[in-house]
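Notes to accompany the following structure.
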Amino acid sequence: GKPTPCVGRTRELGMLSAAFDECAGEAIAQAVLVEGVPGLGKSRLRQEFLARLEQRGTPKQIWVGHGDPMSSGAPFHIVSQAVRRGLGLADHEPMPLRRAKLRARLSRHFSDRELDRVTAFIGELVGVSFPDEGNVQLQAARQDGVLMGDQMRRAFENLLEAECRTQPLVLVLDDLQWGDLPTVQLIDVVLRNLADSPFLVLALARPEVHQLFPSLWSGRVVTRLQLAELPKKAATTLVRSVLDTISEARAEELVTRAAGNAFFLEELIRAEAEGHDRLPDTVLAMVQARLSALPTDARRVLRGASIYGRVFSE
């Protein structure tokens, strides 16, 4: 429960800030792809970067979508989640309320038939369906999957173009290795067609993302940022920021055992703080030890989550 400092990522945070400044200042659409094996701190880097953007107080929008192994490959899953959050739509709200909120938000930028079209197909993208009576375009698209995809892409591009006219937009795609080809292709088209807009895509992924999506956004303005292991000095700083009275030898043991893996190091710090005499040698052993220490009911819930996903009903 104790907050820990973000250490050893000054260069990476500087590169992300520079990308945003160029995007916002020069009105250039671009992407940054942060790559790294599990545990190196991609999510923490994202959190720290977004927190620093918020602290600036400059106008911008931040839309965040997360990949999920349970929904891997589902068309438009990550981008749909990001748009829902960005437009203030909550899954638990009644459908009539979500429809009203979506139309009200889009009416800031569109009117008349254009509003009807964009609202209908953004609704299809984010799971807020509208009746198709009297809407010939929506009726036709619901009979043709290819046409539906084209209409959703067009509406998404229209939406981003309109939003970027008011302020820069940062679209975060976390865990892109659990994403889907339609989302990747959609972003590729938008980066091309909105090249002169203040639009920044921050994608975070494991190295296997290139096996799933070869030539990812090739031909677009993309910065690849590969996370390395946490430097020894930074890792030591992290240990001492939490364990005030730890000996130098013990701190070095934790740092050596973690081998630059920030997640493993935090778990080792937690185990040390809880007074465990014997520390696991691997990340997997650490996780197994943590799970085995939980009450039976909690483990049952986690087993359910491993099948049903992060959210499921009793």
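The values are calculated or read from the model by the stated rules, or taken from the named source; none is laboratory data. Fair warning: this is a prediction, and the values are worked out from it, not measured in the lab. Virtual Cβ from ideal backbone geometry, glycine too; neighbours counted across all protein chains shown. Please note that ligands, DNA and RNA were not included when accessible areas were found on the heavy atoms of the full protein model with its side chains. Shrake-Rupley method; radii C 1.70, N 1.55, O 1.52, S 1.80 Å.
Output the relative contact order of region 239-301, whole-number percent, from Cα pairs under 8 angstrom with separation of 6+ residues.
Contact order relative to length: 22 percent.
How many nm is it between the label spots at LEU294 and GLN137, if each spot is 7 Å from the Cα in line with the beta carbon?
Placing both labels 7 Å along Cα→Cβ, they lie 4.6 nm apart.
Between ALA18 and ALA162, 0.36 nm times their residue separation minus their Cα-Cα distance comes to what?
Length gained, ALA18 through ALA162: 49.4 nm.
Take the Cα gyration tensor of region 12-154, multiply each eigenvalue by 5, square-root it, and list the three semi-axes largest first, rounded to whole angstrom.
32, 19, 15
If each of LYS233 and GLU314 carries a label point 7 Å out from its Cα toward its Cβ, how far apart are those two points in nm?
Result for the modelled spin labels: 5.3 nm.
Local charge sum around ALA27 (other residues, Cβ-Cβ under 14 Å, Lys/Arg +1, Asp/Glu -1)?
-4
So, with a 1.4 angstrom probe, what is the percent of accessible area on the chain that is carbon and sulfur?
51
Could you tally the net charge around GLN137, taking each other residue with its Cβ under 13 Å from the Cβ of GLN137, Lys/Arg +1 and Asp/Glu -1?
Neighbourhood net charge equals -3.
On a 0 to 90° scale, report how tilted helix 145-166 is relative to the longest principal axis of the chain, with both axes built from alpha carbons and the result rounded to the nearest 10.
The angle comes out near 80 degrees.
Helix-derived [θ] at 222 nm for the chain: sum -39500 (n - 2.57) over DSSP H runs of at least 4, divide by residue count, nearest 500?
Counting only the DSSP helices, I get -17000 deg cm²/dmol.
Report the local net charge at GLY14: Lys and Arg +1, Asp and Glu -1, summed over other residues whose C-beta lies under 11 Å from its C-beta.
Net local charge, GLY14 excluded: +1.
Would you please put 177-189, 289-301, 46-58 in order of how densely packed they are, using the mean number of other Cβ atoms within 10 angstrom per residue and starting with the highest?
Top to bottom by mean Cβ count within 10 Å: 177-189, 46-58, 289-301.
Classify region 172-314 from the C-alpha gyration tensor, please: rounded if a/c falls under 1.5, else prolate or oblate depending on whether a/b exceeds b/c.
Cα axes put region 172-314 in the oblate bin.
So if we plug the beta-carbon distance of THR10 and ASP196 into 1/(1 + (r/R0)^6) with R0 = 45 Å, what FRET efficiency do we get, rounded to 0.05?
Taking R0 as 45 Å, the efficiency between THR10 and ASP196 is 0.90.
Using only the alpha carbons of the chain, determine the length spanned along each of the three principal axes and report them from longest to shortest in whole angstroms.
Rounded to whole Å, the extents work out to 73, 49, 36 Å.
From the alpha carbon gyration tensor of region 108-210, can you work out the equivalent ellipsoid semi-axes (sqrt of 5 times each eigenvalue) and give them in Å, largest to smallest?
One finds semi-axes of 26, 18, 11 Å for region 108-210.
Under 16 Å from a label point 7 Å along Cα→Cβ of GLN55: give me every residue in region 1-43 with its amide N that close.
3-18
Using Cα centres only, tell me the gap between region 19-73 and region 136-200 in whole Å.
17
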